[in-house]
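Chemist: Pasting a structure here, questions to come.
Values in this text are rule-based calculations from the coordinates and carry no lab data. Quick caveat, the model's predicted, so the values are computed rather than measured. Neighbour counts run over all protein chains shown; Cβ positions are idealised from the backbone, glycine included.
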Amino acid sequence: MKKIIPLLISVLLVMGLTACGSAKSSDTAEKSVSAEANDAKAQNENEKTAENAPAEAETEPSQADNDVLVIYFSATGTTRGVAEKIAAITDADVYEIKAEQEYTTDDLNYNDPQSRTTLEQNDPSVRPKIGSEDISLAGYSVIYIGYPIWWGEEPRIMDTFVESQSFDGITVIPFCTSSSSGIGRSGKNLADNAGSGNWLNGQRFGAGASQEELEAWINELQ
Ligand SMILES: Cc1cc2nc3c(=O)[nH]c(=O)nc-3n(C[C@H](O)[C@H](O)[C@H](O)COP(=O)(O)O)c2cc1C
């Protein structure tokens, strides 16, 4: 019995020390796990901040250095051709007004009193929706704005466009294409509906308007 008591004490001592050691090591393990978690969290936060920071390129204005813009609407490509020539001569940016609901051949049938264009042109209050992306005119000082003549006037979608924009401080130069009609009162209509901008008298061109003809007109404006 005398021999058993010191043996029991030794066993109890060893068990106590072992328990203490394992508690310490689990504590250390917890600490290192939580340090790793903190590191991961910090890294995550950094990544989030980087994600949220606006990319430098996105904050830059998308327009080029030039402050001239050519805007046009064209249902069958004639006005587009003239617009592109004007843009090449003036080194301008180009913006195309597209209808949300594209004009079909049937829509453009001026012999049909019920066609979409006949109905639209017969009602000056119609405002067809625009499908092309919005554009900011900020930064432009000269804008050429082109369209075909429909029933002697500007297509109603041109009114939709000018009413949606501010032309403050901008010189606006209308141009149009047609089979034979002149620009008529279309430029004045657009200026009235826009309600802002310095609108010059516009010019009508035929489908075959040459580079020289357009250059001569542009030079006369200056
Ligand atoms: C519905 C409609 C009405 C038109 N009205 C006229 C007109 O009144 N006078 C005219 O000379 N040409 C008229 N045209 C012909 C266009 O003005 C001409 O073809 C124009 O150059 C088309 O331009 P775009 O190809 O850019 O759409 C009309 C064409 C359409 C589709």
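Chemist: According to a simple spin-label model (label point 7 Å from Cα along Cα-to-Cβ), what is the distance in nm between residue 164 and residue 201?
Modeler: 3.2 nm
Chemist: Another question, if that's okay. Enumerate by residue number the GluC sites (Glu not before Pro) in region 84-177 meeting two conditions: DSSP loop (anything except H, G, I, E, B), and at most 11 other Cβ atoms within 10 Å of the site's Cβ.
Modeler: On the way: sites: 84, 96, 100, 102, 120, 133, 153, 163; in loops: 100, 102, 133.
Within region 84-177, the qualifying GluC sites (Glu not before Pro) (loop, at most 11 other Cβ atoms within 10 Å) are 100, 102, 133.
Chemist: What's the local net charge at residue 134, with K and R +1, D and E -1, over the other residues with C-beta under 14 Å away? All intermediate terms of the calculation are to be shown ahead of the outcome.
Modeler: Details: positive: 98, 129; negative: 96, 100, 133, 163.
Around residue 134, the surrounding residues sum to -2.
Chemist: What net charge is computed for the residues neighbouring residue 188, neighbours being all others with C-beta under 11 Å from the C-beta of residue 188, Lys and Arg scored +1, Asp and Glu -1? Walk me through the intermediate numbers first.
Modeler: On the way: positive: 185; negative: 153, 154, 192.
With Lys, Arg at +1 and Asp, Glu at -1, the net is -2.
Chemist: Could you pull out every residue, at least 5 positions away or on a different chain, whose amide H is within less than 5 Å of the one on residue 176? Hs are placed 1.01 Å off N in the peptide plane, and Pro or chain starts have none.
Modeler: It is 147, 203, 204, 205, by chain and number.
Chemist: Tell me, in nm to one decimal, what length is gained between residue 125 and residue 66 on full extension, where the rule is 0.36 nm per residue of separation less the Cα-Cα distance? Working shown, then result.
Modeler: On the way: separation 59, 0.36 × 59 = 21.24 nm, distance 3.48 nm.
That works out to 17.8 nm of additional length.
Chemist: Here's another thing I want to ask about it. Bin width 10 Å, origin at 0, all Cα-Cα pairs of region 68-221: what percent of pairs per bin?
Modeler: So the P(r) values, bin by bin, are 11, 44, 36, 9, 0.
Chemist: Amide H to amide H, which residues 5 or more places from residue 130 or on other chains are under 5 Å from it, using H placed in the peptide plane?
Modeler: 100
Chemist: Round to the nearest 0.05 the FRET efficiency obtained for residue 188 and residue 105 when R0 = 25 Å and r is the Cβ-Cβ distance.
Modeler: Numbers: r = 30 Å, r/R0 = 1.21.
For residue 188 and residue 105, the calculated efficiency is 0.25.
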